[in-house]
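Quick note: the coordinates plus some simple rules give every number you see, no bench work behind them. Note that the coordinates shown come from a computational prediction; the quantities given were computed from them, not determined experimentally. Glycine also receives a Cβ, built like all others from the backbone with ideal geometry; neighbour counts cover every protein chain displayed.
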Amino acid sequence: MPSDQRIFRSSRQNDQSAVSSIFEQANLTVPIQENPESDAPPQIGSTHLYVCEFHRRAVGAIHWRYLGSEAEILGLAVARKYRRAGHGKFLLTNFLRVAIQHSVNKFFLEVRESNSPAIELYRQFGFSISGRRPNYYRDPIESALLLDLKITG
């Protein structure tokens, strides 16, 4: 699928319904963004939400927290009917580019131990497993794998 059909952008207020649905489908916490249209530089501790727009529809989203030289990915999800089409890879590629422009050089996240498609996606980008949290998730109860990525140079 050509990437020129996709747009990576900050979430807007009118994306909230689609983003909520996307995160609910993935069994992730729905992100709440107080100022989704702000393009101001990130502040330490602030959270940000970006979407993958495809044919004028938000089909995927990434929610993250800015921690100075580090960033925590709080959630990355693609709507069910748009999965396995490269939208997650597109989101992650563009998110990493933006975060690195803000001097982020370490990334970390938790992922369900059974979520092999997500784990494989993160591994393609160089993330490695750094730990495990037993019984971290609910509905269903499941352990989380801790993944991180360090950018050097």
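Dividing the summed helix terms, -39500 (n - 2.57) for each DSSP H run of n ≥ 4, by the number of residues in the chain produces a 222 nm estimate of -7000 deg cm²/dmol to the nearest 500.
The simple Förster model, with R0 at 22 Å and r as the Cβ-Cβ distance, assigns N105 and T47 a FRET efficiency of 0.70.
Percentage of Cα-Cα pair distances in the chain greater than 28 Å, rounded to whole percent?
Working: 1662 of 11628 pairs.
The calculated P(r) of the chain puts 14 percent of pairs beyond 28 Å.
This ranking places K81, K150, K106 by how few other beta-carbon atoms lie within 10 Å of each, fewest first, which gives K81, K150, K106.
Counting only other residues whose beta carbon sits under 13 Å from that of N135, what net charge do I get with K and R as +1, D and E as -1? Walk me through the numbers on the way to the answer.
On the way: positive: R112, R132, R133, R138; negative: E110, E113, D139, E142.
Counting the neighbours of N135, the net charge comes to 0.
A viscosity of 0.692 mPa s and a temperature of 37 °C, combined with the Kirkwood radius over C-alpha pairs in the Stokes-Einstein formula, give the stretch 40-93 a diffusion coefficient of 277 µm²/s. Take the Cα of H55, step 7 Å toward its Cβ, do the same at N27, and the gap between the two points is 2.8 nm. Within 14 Å, Cβ to Cβ, of K89, how many net charges do the neighbouring residues add up to if Lys/Arg are +1 and Asp/Glu are -1? Around K89, the charge tally is +4. Taking other C-beta atoms within 10 Å as the exposure proxy, D148, D15, D139 rank D139, D148, D15 from fewest upward.
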